[in-house]
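Asker: One structure coming up, written as structure tokens, with questions to follow.
The values are calculated or read from the model by the stated rules, or taken from the named source; none is laboratory data. Since the structure is predicted, the reported quantities are computational estimates derived from the model, not experimental observations. Here the Cβ positions follow ideal geometry from the backbone for every residue, glycine too, while neighbour counts run over all protein chains shown. The protein model used for the area step is the full one, side chains on, heavy atoms only, and it has no ligands, DNA or RNA in it. Shrake-Rupley method; radii C 1.70, N 1.55, O 1.52, S 1.80 Å.
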Amino acid sequence: ETFEILFTYKAFDLGSVVCKVSPLIREKIKNQGSSIKIGYRSCPVKDRVHIPQCAKCLKTGHKTSSCKETFSICAFCTEKHASHSCPTKQDSSTHKCHNCTNSQRQIDFSHCAFDASCTLIKEAKKRVIQSTNWGTSPPPCL
């Protein structure tokens, strides 16, 4: 059985631990009310599906450290510059998703490339959910 801590992070006054668990361990946690006890604290447990997305080329499926592109594409305006230096990143009315714009599909592209509402990111997440062994109770599309 697998129980692997992938990473931890602190947000506000709370901390979170992201773990990878086997279907059997996930089932046991779900059957105990979707929480685990750490010390005297009851900690909620949620399913999480991570889709790696490159901050350089903005494509899903790989991280920036393994990207083969020679230049950065802005996640906010699709121009050739780093996203953090985009002059329009604060103006969401100007955002364009590079991936949706280049998809050759008639889908909404008026969002930044990292937006969770992006049709292509949702589709990638759905593919991962469908190809993962969740045990007897798969999560709804997250």
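Asker: Here's a check for you: in the range 1-56, which residue that is part of a loop (DSSP other than H, G, I, E, B) and among the small types (G, A, S) is nearest to L120 (Cα to Cα)?
Answerer: Result: A55.
Asker: Check whether at least one residue in the range 95-105 is within 25 Å of V128 (Cβ to Cβ) and modelled with pLDDT under 90, and report yes or no.
Answerer: yes
Asker: Can you confirm whether K89 is touching a residue at least 12 places away in the same chain (Cβ under 8 Å), part of a loop (DSSP other than H, G, I, E, B) and over 19 Å from T60 (Cβ atoms)?
Answerer: It is true that K89 is touching a residue at least 12 places away in the same chain (Cβ under 8 Å), part of a loop (DSSP other than H, G, I, E, B) and over 19 Å from T60 (Cβ atoms).
Asker: Return the residues of the range 31-55 that are under 22 Å from the mean Cα position of the chain (by Cα) and of a type in the set (D, E, K, R); say none if nothing qualifies.
Answerer: Within the range 31-55, K46, D47, R48 meet the criteria.
Asker: Pick from the range 105-138 the residues that are in a helix (DSSP H, G or I) and among the basic types (K, R): which of them is surrounded by the most Cβ atoms within 10 Å (Cβ to Cβ)?
Answerer: Among residues in the range 105-138 that are in a helix (DSSP H, G or I) and among the basic types (K, R), the one surrounded by the most Cβ atoms within 10 Å (Cβ to Cβ) is K125.
Asker: Are any of the residues in the range 96-104 in contact with an Asp or Glu (Cβ under 9 Å, 6 or more places away or on another chain) and either assigned to a loop (DSSP other than H, G, I, E, B) or on the phi > 0 side of the Ramachandran plot (or both)?
Answerer: Yes.
Asker: Now for a different question. Looking at the structure I just gave you, is A82 at pLDDT 95 or above, among the hydrophobic types (A, V, I, L, M, F, W, C) and either open to solvent by less than 40 Å² (accessible area, probe 1.4 Å) or in contact with a Phe, Trp or Tyr (Cβ under 8 Å, 6 or more places away or on another chain) (or both)?
Answerer: Considered against the rule, which asks whether it is at pLDDT 95 or above, among the hydrophobic types (A, V, I, L, M, F, W, C) and either open to solvent by less than 40 Å² (accessible area, probe 1.4 Å) or in contact with a Phe, Trp or Tyr (Cβ under 8 Å, 6 or more places away or on another chain) (or both), A82 comes out as no.
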